[in-house]
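Notes to accompany the following structure.
The values are calculated or read from the model by the stated rules, or taken from the named source; none is laboratory data. What you see is a predicted model, and the numbers here were worked out from it, not measured in a lab. No Cβ is skipped: glycine too gets one built from the backbone with ideal geometry, and neighbour counts run over all protein chains shown. Keep in mind that these areas ignore ligands, DNA and RNA; they rest on the heavy atoms of the full protein, side chains included. Shrake-Rupley method; radii C 1.70, N 1.55, O 1.52, S 1.80 Å.
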Amino acid sequence: MECEHIENLLSSYLEDELAAEDKRAVEKHLASCAGCSVLFDLLRETQESLAEFPQAEISEALLERLYEIPQRKRKFRLNLDFLVRPAVQPYLAVATVLLTVVSFYLFNPEKSAIDRSINRQIHLGYSKIGKLYSEAETFTASLGEHKDNILETIKSKQPFGRNGD
Amino acid sequence: MLVNTYSRRIFSLSYQFSGTREEAEDMTQEIFLKLYNSLKKFDFSRNFDAWLLTLARNHLIDEYRRTKWEKKTRDEFDEYRLKETTELGPEDAILREETKKRVWEGFNHLSADIRMAVILRDIQGKTYEEVAEIMDLPLGTVKSRVNRGRVQLAKVLKEQKEKENGM
């Protein structure tokens, strides 16, 4: 128990930070306890060797990678700069409108009703086209029937200006 | 420039903490990325060194907890370039180098917070007050962690010496 208490004070004792009473207690214990005395010597040895650890040498490759970090960040920023050019603004405006319309359609809670309405309009368009097509066919057929009469009428007419000869 | 001033210090801290060059290089790069991303948030009334070391410390400990480095082995101590200990005789220099090697390997026995406190105090040479600021801990807690770390490392040395002496 006492050894454990003394262990907690060893660094402060080593660095001469203990109050006089604690210092005397540590010295007394170290003089009588071989285990703690060895431990204290090793603690001092540990601290001295740690103080001599050098700064590690950094590799050239790592240094280059570190120098590149701000440049990479700058490049990334330049790549986005084109977005603020005035010439790009009309395209961005069109893209915004399109996105708004598309998202209005895609995320509209009445999407199925809109789909039905669009289908109905498409069908109406198709039937109008079909109707026009059949009317055109009827007209072509009636032209075919009256083709001979029309040709006769044209032939019987005197060309312009001959009546006066 | 930030890289010139701080890269060696951050790399050393990462290497001492993680124990492998590969991890330390990745960590240093990630810390600098974070640094550039957080520069705008820096409060100029604060000490920049302490702020950067806090950022590095947070990143290293978070990664340590996420990836469990303690299960990995550390690089051989020979790969760590030693400062010349010219004031010692050749025999003492060999013994001191042997102790450093054991202490280096002993770091794997320390928890992340204790390991960081010991590195900042004893290798990086910070005062207890500076370590407390970097680790955002009360002074007493820092002193206690540094002492526990040193005692644990001393016990590792003791065990190894006892094994060698056949005890």
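Restricting attention to the stretch B:136-167, which residues are more than 10 Å from chain A (Cβ to nearest Cβ), surrounded by fewer than 21 Cβ atoms within 10 Å (Cβ to Cβ) and closer than 24 Å to B:H59 by Cα? Across the stretch B:136-167, the qualifying residues are B:D136, B:L137, B:P138, B:L139, B:G140, B:T141. Contact map, the stretch A:48-70: residues that are farther than 19 Å from B:T5 by Cβ paired with residues that are in a loop (DSSP other than H, G, I, E, B), Cβ distance under 7 Å, separation 6+ or inter-chain. Pairs shown: A:E52/B:K83; A:E52/B:T85. Selection of the stretch A:18-37 for residues being open to solvent by 70 Å² or more (accessible area, probe 1.4 Å) and closer than 29 Å to B:K101 by Cα yields only A:A34.
Scanning the stretch B:27-54 for residues that are within 20 Å of A:P54 (Cα to Cα) and either within 13 Å of chain A (Cβ to nearest Cβ) or β-branched (V, I, T) (or both) yields B:M27, B:T28.
Applying the criterion of being at the interface with chain B (Cβ under 7 Å from one of its Cβ atoms) and not basic (K, R) to the residues of the stretch A:60-71, the residue that is surrounded by the most Cβ atoms within 10 Å (Cβ to Cβ) is A:L66. When every residue of the stretch A:114-123 is checked against the conditions, at least one turns out to be open to solvent by less than 70 Å² (accessible area, probe 1.4 Å) and in contact with a helix residue (DSSP H, G or I) (Cβ under 7 Å, 6 or more places away or on another chain). Inspect all residues belonging to the stretch B:108-120 and state whether any of them is open to solvent by less than 70 Å² (accessible area, probe 1.4 Å) and within 9 Å of another protein chain (Cβ to nearest Cβ). Yes, the conditions are met somewhere in the stretch B:108-120. Here is the figure for the stretch B:1-21: residues that are closer than 16 Å to B:V118 by Cα and among the hydrophobic types (A, V, I, L, M, F, W, C) total 3.
Condition test on A:S103, is it open to solvent by less than 70 Å² (accessible area, probe 1.4 Å), in a helix (DSSP H, G or I), modelled with pLDDT under 90 and small (G, A, S)?
no
Run down B:E133, B:E129 and say which single residue is assigned to a helix (DSSP H, G or I) and exposed (fewer than 15 other Cβ atoms within 10 Å of the Cβ).
Numbers: B:E133 fails: exposed (fewer than 15 other Cβ atoms within 10 Å of the Cβ).
Being assigned to a helix (DSSP H, G or I) and exposed (fewer than 15 other Cβ atoms within 10 Å of the Cβ) holds for just one of B:E133, B:E129, which is B:E129.
Please tell me if A:D22 is more than 9 Å from chain B (Cβ to nearest Cβ) and at positive phi. Judged against the criteria, A:D22 is not a match.
May I ask you to say which residue of B:R21, B:R8 is more than 14 Å from B:H59 (Cβ to Cβ), without any contact (Cβ under 8 Å) to a residue 12 or more places away in the chain and at the interface with chain A (Cβ under 9 Å from one of its Cβ atoms)?
Values: B:R21 fails: without any contact (Cβ under 8 Å) to a residue 12 or more places away in the chain.
Residue meeting the stated conditions: B:R8.
Here is a yes/no grid of residues against (1) out of contact with any Leu (no Cβ under 7 Å at 6 or more places or on another chain); (2) more than 30 Å from B:D26 (Cβ to Cβ):
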residue	(1), (2)
A:S12	no, yes
A:E15	yes, yes
A:V26	no, yes
A:L30	yes, yes
A:S37	no, yes
A:L43	no, yes
A:A56	yes, no
A:S59	yes, no
